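Undergrad: Here you go, one structure.
What follows draws every value from the coordinates through simple rules; no lab data is involved. Keep in mind that this is a model prediction, so the values were computed, not measured. Neighbour counts are summed over all protein chains in view; Cβ atoms, including those assigned to glycine, are modelled from backbone coordinates with ideal geometry.
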Amino acid sequence: MARKQLSKLLLERTRRPKNGRLELVDKVQPGLTVRVGRKRVFVWRGLLCGQQIRVTLGAWPAMSVAEARKETEKVGNIAARGIDPRREMQAGRELTVS
């Protein structure tokens, strides 16, 4: 996994690998990763009750880097309270930080 400061330009210029996928980890927002394969997908990686989990946030360019960073912060705060953000998203609830 390469650590980079994610940007629109970086995502536009990053080419899909011939085999498998590439993962870019954001230097700015901890937990934010972009998986580059057929699509470019924003993913949050973090801990929930001591177990590592992944939450798919959205695909680029429908979701911007700035939006992904905001969602990453929300998801991380929810997980820090011991609530599974995947279940919250599946239930269709708006992710809010209180």
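Undergrad: Once you list every other residue whose beta carbon is under 11 Å from the beta carbon of ARG45, what net charge do they have if Lys and Arg are +1 and Asp and Glu are -1?
TA: Values: positive: ARG35, ARG54; negative: GLU23, ASP26.
Residues near ARG45 contribute 0 overall.
Undergrad: Please work out how many pairs of lysine residues in the chain are eight or more positions apart (or on different chains) and have Cα atoms closer than 18 angstrom.
TA: On the way: LYS4/LYS27; LYS4/LYS70; LYS8/LYS27; LYS8/LYS39; LYS8/LYS70; LYS18/LYS39; LYS27/LYS70; LYS27/LYS74.
For the chain, qualifying lysine pairs total 8.
Undergrad: Can you pull the semi-axes for the chain, root of five times each eigenvalue of the Cα gyration tensor, sorted largest first, whole Å?
TA: Details: eigenvalues 113, 36, 31 Å².
Gyration-tensor ellipsoid for the chain: 24, 13, 12 Å.
Undergrad: While we're here: Read phi for every residue in region 7-18 and hand back ³J(HN,Hα) as whole Hz from Karplus 6.51 cos²θ - 1.76 cosθ + 1.60, θ = phi - 60°, with x for Gly and Pro.
TA: Along region 7-18, the couplings run 8, 4, 4, 4, 5, 5, 8, 6, 8, 5, x, 5 Hz.
Undergrad: Quick one: if you stick a label point 7 Å off each Cα along the C-beta vector at ARG87 and ARG13, how many nm between them?
TA: That separation, rounded to one decimal, is 4.3 nm.
Undergrad: Hey, another quick one. As I understand it, the value is the acute angle between the Cα axis of helix 65-80 and the longest principal axis of the Cα atoms of the chain; what does it come to in degrees, rounded to 10?
TA: The angle comes out near 30 degrees.
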